[in-house]
Structure formats: structure tokens, C-alpha cells
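The next block holds one structure in the form of C-alpha cells; read it before the comments.
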Amino acid sequence: MILPGGGLALAQQTSSIPTLQPPPTGYVFPAQETLSYTVDWRVFTAGTAVFHLTREGNVQKVDATADSVGGVTMLFPVVDRFQSGFDTRTGCSTGFSKQLQEGRRKVSSDLSFNYSQGKQTQVERNLVKGTSKQQTASIPACVTDSLSAIFYAASQPLIVGKTVSFPLADSMRTVTVTMKVEAREEIKTPAGTFQTLRVQPTADEGVVKNRGKIWIWYTDDPRHMPVQIRAQLFWGTITFHLQSYETK
């Protein structure tokens, strides 16, 4: 599922990294919203995914889950949990945490940002081996993370033929993600039929590049709600179809 002991300092160049643009003043983030998806692999429903958004003051919090279902659970059980947040005024991430149970692998990590010092710190724990490691790297004045980015990007103007670029903290690096708005498409999902904008995120390195090709279909309206996500991976294509959405 896509849904990315001692101390180690990592240096990096950030001079070519673009500035993260704040969300437009008129964009309204949801006070509360739950987006539920089925995850299909080939002709099978392989799992479910849920995004739960809540707004606390100026912080948009995002909680996400990804779970395998059916026969996939017998072969390779997945129980993943993710948490992130970002400032709705600036778009800056307030942190990103994940707890992954994939097959025999069980890890957790917490990524924090200290913008005043220009540093990001990640603490990763291997829950099977009982080990941990801490890493520190430099960051620009404002970055997004791999979960918040989906909803930060929704706040930006999405115009067919245009791109949106922003800095993303990914695996102790800061990479430039470029979202190209490719076309308008009508998409049918279990939650209904939507007029959408097909957007492809790309990056020169990091998780976005290494995950193969990714597309996100946002509704072609002021909300820019993600109704479908597709990832072409080396072992096959998985597609997230919106099953339902609630705003309470």
C-alpha cells in the first residue's frame, strides 16, 4: 500500500528546491471529512483505505489507514496507519508519523520539523527486532509531507496543461514534486460519477519516483476532492476508488 539507536546527520542541497506556496485565501479546508476507498489489484479487491480529515484551529489533521482484505490478507497481511498535519495558512507540515505492519515487517516512525532551526528529525523503530535509529537532515523554511501533500495540492489552482511544484520531505531528503494537470475526465466510482482533473505527480528522486507512476483524480470543482488514485508499480497496478465520503 501506498499510501511512504544512534544519531546520524544528513546534509543536503536545497538551493534548487521551490518555495512551498501558501493555500489561496479563498480555499476552504474541510472541518471534518472521511473519504473511504476500495483498493483494487488486477481484478481483485485487495484492500481498503480511509482518509479522515479534521481541522483544529489553523491545523488540518490527516489520519489514514490501509488494510488488506480477503485472500490478500492470507498471503501478505497489511495493517498500516499514518498521521500528519499542516498549517492551513502556510501549507507547512507539522509532522508525519506512520505505523506499518506488512507481512512480518513491523516498524513505526515519527518525523518532526523544526523550521526555526531548518531541521527535520526522524525516529524509526523496528518493532520486530526492538531496535531504533534517529536521523537529522536540513530542510527549507517550509515543506509538506507525503500524506499532507495530497490535500495541500488540492488547495492549489489546478489548470489543465499547467503544473504545481512544491518541496516534500521524503526519506530524510527534500525533493521537488511536480503535479502536472493532464486532462479532464469523467470518473465513475462506487460513490458516484464525478467530473475530474487527472493529475500526475512526479519527482526526480524519492518515494514518488520509486513508486513507479502515480495519478490522482481530483473533482473539477473548488473542493478538488481526490476520488481516484492509481499507482503503476513494478509488480502491478493498484487503484483506489472512492467508496463513500462524509462531512460529519
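Worth pointing out:
- Members of the range 70-95 found to be in a strand (DSSP E or B) and open to solvent by less than 50 Å² (accessible area, probe 1.4 Å), listed by number: V78, D80, F82, S84, G85, F86, D87, S93, G95
- Scanning the range 30-50 for residues that are of a type in the set (A, V, I, L, M) and in a strand (DSSP E or B), we see that the one that is most open to solvent (accessible area, probe 1.4 Å) is V50.
- Any pair with Cβ under 9 angstrom, 6 or more apart, that starts in the range 152-174 at a residue that is of a type in the set (K, R) and ends at one that is open to solvent by 20 Å² or more (accessible area, probe 1.4 Å): K162/K180; R173/L10; R173/Q12; R173/E205
- Sole exception among (1) surrounded by fewer than 20 Cβ atoms within 10 Å (Cβ to Cβ); (2) touching a helix residue (DSSP H, G or I) at 6+ places or on another chain (Cβ under 9 Å); (3) over 22 Å from H52 (Cα atoms) for F166, by number: (1)
- With respect to the conditions (1) within 22 Å of P226 (Cβ to Cβ); (2) over 20 Å from the mean Cα position of the chain (by Cα); (3) not hydroxyl-bearing (S, T, Y), R104 falls short on a single one, namely (1).
- Counted residues, the range 192-225 - those being in contact with a Lys or Arg (Cβ under 8 Å, 6 or more places away or on another chain), at pLDDT 95 or above and not in a strand (DSSP E or B): 1
- When I150 is tested against (1) over 24 Å from I216 (Cβ atoms); (2) not in a strand (DSSP E or B), only condition (1) is not met.
- When restricted to residues that are of a type outside the set (K, R) and under 15 Å from the mean Cα position of the chain (by Cα), the range 225-238 contains 6.
- On inspection, T189 passes the criterion of being touching a His at 6+ places or on another chain (Cβ under 7 Å) and not acidic (D, E).
- Qualifying position, being open to solvent by 40 Å² or more (accessible area, probe 1.4 Å) and under 20 Å from V62 (Cβ atoms), among Y218, Y245: Y245
The values are calculated or read from the model by the stated rules, or taken from the named source; none is laboratory data. Fair warning: this is a prediction, and the values are worked out from it, not measured in the lab. When we count neighbours, we look across all protein chains shown, and the Cβ atoms used for this are built from the backbone with ideal geometry, even at glycine. Only protein heavy atoms, including side chains, enter the accessible area calculation; ligands, DNA and RNA are left aside. Shrake-Rupley method; radii C 1.70, N 1.55, O 1.52, S 1.80 Å.
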